[in-house]
Amino acid sequence: MMSTLHRIGSLLPFLFHPVTMAIKGALIALLATMAIAWNIGIGNWTEETRRLSAIGTFYERFGAGELPDADARDRTSIMLSPDLSLTIDTLIFPEGADAGACRARMAGFMTGVASLGSTDAGAAAIDRLCTERRYALLRTEEGGPLVSLLPLVSAQGALAGAQVNVIAARPRPTLLSVLAEPRVMAPILVATALAAVLGGLLGRAMKGHVERLGQRASVDGLTGALRREAFFVLGERAMRRARRKDAAVAVLVVDLDRLKLINDTRGHAGGDAALAITATALRSALRSGDLLGRLGGDEFAALLPGVTGAAAEAVAERARLAVEESNAAADFGGIRLSVSVGLVNGAGGESLREMVDRADLRLYEAKRRRNAVAS
């Protein structure tokens, strides 16, 4: 018994040595800061994923003619930078609402401290939206928020609602306001109390980890292409930007030929490698402003804003050749990588999903020949 106590006593100087205590303090700071950063990252990632899903679902239903309840309203607030915020309000009008009902609803909409209809510019923008069903842009005052109004038209052609985007400059943050935020204060208190230097280094390391967590909601881990849902949400935004500039758009739907045969001969690891190589080749053929998404399985889609029919065909052919030339990157047992491409150009006000559906029909034609482009 005494010998046991003696051995324990001999350990006390080591356990309570300043260096040992510093190491233990650093470990506690490490674990506590990791837990806080992890919770912040998961919370932000979950919220942004929910927003992306909710916005996508709303406009999918709207595009299919399924209108929400009358007078419904949905608000999404996005922080573009520490000094700039974007608020998106989606307003749904009662069924059969005329221009007068639209004006009445929009005139009382608050853009910060003032209503939208309180100025001549605001009234003109409302009239442009409600009477002409056209996009309107205004700034309520010098240095005030930038407001854009977009009409939402039902499948029957009626004005069913409006989307109001308000971009506002946030007050310049002060040191006290930044420190007062809970997500900033908690890591600072923990790291300062136990190991300030280690806490700061860990915070920098965790920043990249949190960013990667956010990307998982929109990027396919195998190919690096946008996931299906993110592709349609971001693609619709890109199409709206192109149409505001009266620019053309085109869509490619790309299918990897003989993926099942590669899986059968090289296993799923070989199939995954083929998909990754194909995605890399497709990205190399696209322009910097194009969007590449993986729709599922062996099928990809690309949105090409601002191209004519001839330019779109050139991009599609460049993508096909890039995949064909990527065969030097891996051996798939004599099976050569190739893709079949369906190409369509935008027509009228059709949605991205409608363009993808049309491109799918062209893809069937290309698949009959394989390693071909059908437009």
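Spin-label pair R240-D98: with each label point 7 Å from Cα along the Cα-Cβ axis, the two points sit 2.9 nm from one another.
At a Förster radius of 25 Å, what calculated FRET efficiency corresponds to the Cβ-Cβ distance of E317 and D272, to the nearest 0.05?
The formula returns an efficiency of 0.40 here.
Spin-label model, R139 to S115: label points 7 Å out along the Cα-to-beta-carbon direction sit 2.5 nm apart. Could you compute the FRET efficiency for N263 and S148, with r as their C-beta to C-beta distance and R0 at 35 Å, rounded to 0.05? The computed FRET efficiency comes out at 0.15. Multiplying the residue separation of A35 and R369 by 0.36 nm and subtracting their alpha-carbon distance yields 114.8 nm. A cut-off of 5 Å between modelled amide H atoms, ignoring neighbours fewer than 5 places along the same chain, links S338 with D257. Accessible surface for the stretch 229-375, divided over its residues, is 45 Å² per residue with a 1.4 Å probe.
Working out 0.36 nm times the residue gap between L222 and A329, then minus their Cα-Cα distance, what length gain in nm do you get to one decimal?
Numbers: separation 107, 0.36 × 107 = 38.52 nm, distance 1.66 nm.
Using 0.36 nm per residue and subtracting the Cα-Cα distance, I get 36.9 nm.
Which GluC sites (Glu not before Pro) from the stretch 287-375 combine a DSSP loop assignment with at most 13 other Cβ atoms within 10 Å? In loop regions of the stretch 287-375 (DSSP not H, G, I, E or B), there are no sparsely surrounded GluC sites (Glu not before Pro).
Here the 3J(HN,Hα) profile of the stretch 124-133, calculated from phi with Karplus coefficients 6.51, -1.76 and 1.60 at θ = phi - 60°, is 5, 5, 4, 4, 4, 5, 6, 8, 9, 6 Hz, Gly and Pro shown as x. Whole-Hz Karplus values for the stretch 277-285 come out as 5, 4, 4, 4, 5, 5, 4, 5, 8 Hz, taken residue by residue from phi with 6.51 cos²θ - 1.76 cosθ + 1.60 and θ = phi - 60°; glycine and proline positions read x.
The values are calculated or read from the model by the stated rules, or taken from the named source; none is laboratory data. All values reported here derive from a predicted model rather than from experimental measurement. We place every Cβ from the backbone using ideal geometry, glycine too, and count neighbours over all the protein chains shown. Accessible surface is based on the protein model in full, side chains and every heavy atom, while ligands, DNA and RNA are left aside. Shrake-Rupley method; radii C 1.70, N 1.55, O 1.52, S 1.80 Å.
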